[in-house]
Structures are given as C-alpha cells and as structure tokens.
Amino acid sequence: MAKVRAATVWMAGCAGCHMSFLDLDEWLFEFAKHVDVVYTPIADVKEYPEDVDVALVEGAVATDEQVHLIRDVRRKTKALIAFGDCAVTSNVPAMRNPFGGAEVVLKRSYEDPANLNPQTPREEGILPVLLDRVRPIHEVVPVDIFLPGCPPPAARIQAALEQLLSGEPIKLEGRDLIKFG
Ligand code: SF4
C-alpha cells in the first residue's frame, strides 16, 4: 500500500505544537512505517509539494506570506488539520489584535523602545508584511479537522493520526480529544 504523504506547517505559533508532535517519541517509528513526511519545518524543504494527503498546520495567519502559504497548502492538500489553539482560534498571536493594526505593532516593536533615532525598517523584503488582524486558519481557507490544545497533548495527536491511518474519517469526541488549553 502506498504511504500517506503528510506535511507539517509552521505559521504564527511558538513551535510548541511541533514539540508536542515530537513527544510522540517511539510511536513516531510506527508513524514512519505508514507515512512519508514530504514537508515540515523540521526538514529544509523550500516549496510545498503537490498531492499531500494530510497537513498539520500550527499557528495563526499573521502575515501576507502566511496567507499565500496557507492557500497553497489548501490547494495541494486533501485533509487540512488546524493543529493547536493558535490555528483553531488564533490564540496567543491574536493578543495584538485589540491594540490596532500592523502600524501600531511595528511602532511598539521598533520605535517606542528606541532611545535614539527611532525608526521602523521600511525596505521591501526586510520585514514580513503584517496583517492588520491575526486570523485563525478557517477564516482564510476551509479546515477539515480542528485539533485543539495549547499544545495538543501527544496522546491527542496520536489518537487523531491513528484514525487517519486506519482510513476512517477522523472523529474527535470527548474531553480528552477536544478540550482547549
Ligand atoms: S497553540 Fe500553544 S503551543 Fe501551539 S503554537 Fe500556539 S501557543 Fe504554541
């Protein structure tokens, strides 16, 4: 049987969800028997490939570049999993939303702390183009499965992936699988 083509994607998140994925420890060997990981920040793959069966997407959408990436991921992926609370609700990255748009964030980051010659870098390509509002994944593209948690515990990730590998539709029910935080 052909292996499942899987990806993990890192958007605006702290990498904690990826760390939780690595907490699957020895079960990762079982996972690797059935899956080819074709794109992940853990490997240095530059372009998101075609024909991906499943993608775990960590983090919210906070920049213009991430809008393009998540649209590309959606177009090339059969099952897109919003992986963790930042992907599901926008969570921590969205804490900047109540303070205003991108300019407020840039000023607070670059100009307010400066003692001399405060300025925000404006050259093209120097800074990511921030969105005025950080958004959860499902506000930008359709999501197939929501896997909450900050981060989702390894046992929860394993339960979802085991269902996926069994060929059954993923169904997350009960406190252990859907509790936030
Ligand atoms: S959900 Fe939590 S652990 Fe995952 S990226 Fe966001 S802040 Fe980090």
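The values are calculated or read from the model by the stated rules, or taken from the named source; none is laboratory data. Since the model is a prediction, treat every value here as computed from it, not as a measurement. Note that we place each Cβ from the backbone using ideal geometry, even for glycine, and neighbour counts take in every protein chain shown. We work out accessible area using only protein heavy atoms, side chains counted, and drop any ligands, DNA or RNA first. Shrake-Rupley method; radii C 1.70, N 1.55, O 1.52, S 1.80 Å.
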Hey, does region 37-58 have a residue that's open to solvent by less than 20 Å² (accessible area, probe 1.4 Å) and among the charged types (D, E, K, R)? yes
Do any helices (runs of 4 or more DSSP H) lying entirely in region 84-181 carry at least 1 residues that are open to solvent by less than 60 Å² (accessible area, probe 1.4 Å) and in contact with a Lys or Arg (Cβ under 9 Å, 6 or more places away or on another chain), and which ones are they? 102-106, 154-165, 175-178
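Within the bounds of region 31-51, is there any residue that is within 16 Å of the ligand (Cβ to nearest atom), out of contact with any Pro (no Cβ under 6 Å at 6 or more places or on another chain) and not in a loop (DSSP other than H, G, I, E, B)?
Filtering region 31-51 for residues within 16 Å of the ligand (Cβ to nearest atom) gives 40-42.
From the residues that got through so far, the ones that are out of contact with any Pro (no Cβ under 6 Å at 6 or more places or on another chain) too are 40-42.
If we keep only those that are not in a loop (DSSP other than H, G, I, E, B) as well, we get none.
Taking every residue of region 31-51 in turn, none turns out to be within 16 Å of the ligand (Cβ to nearest atom), out of contact with any Pro (no Cβ under 6 Å at 6 or more places or on another chain) and not in a loop (DSSP other than H, G, I, E, B).
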If I ask for residues that are of a type in the set (A, V, I, L, M, F, W, C), surrounded by 13 or more Cβ atoms within 10 Å (Cβ to Cβ) and without any contact (Cβ under 8 Å) to a residue 60 or more places away in the chain, which ones from region 23-36 would you list? Leu28
Out of region 1-22, which residues are open to solvent by 70 Å² or more (accessible area, probe 1.4 Å), in a loop (DSSP other than H, G, I, E, B) and of a type in the set (A, V, I, L, M, F, W, C)? Met1, Ala2, Cys14
Residue hits (region 64-83; away from the ligand (no atom under 15 Å from the Cβ) and assigned to a strand (DSSP E or B)) are Thr77, Lys78, Ala79, Leu80
Six or more apart or on different chains, Cβ atoms under 9 Å: show the pairs whose first residue is in region 79-102 and hydroxyl-bearing (Ser, Thr, Tyr) and whose second is open to solvent by 10 Å² or more (accessible area, probe 1.4 Å) and near the ligand (Cβ under 9 Å from one of its atoms). Ser90/Ala12
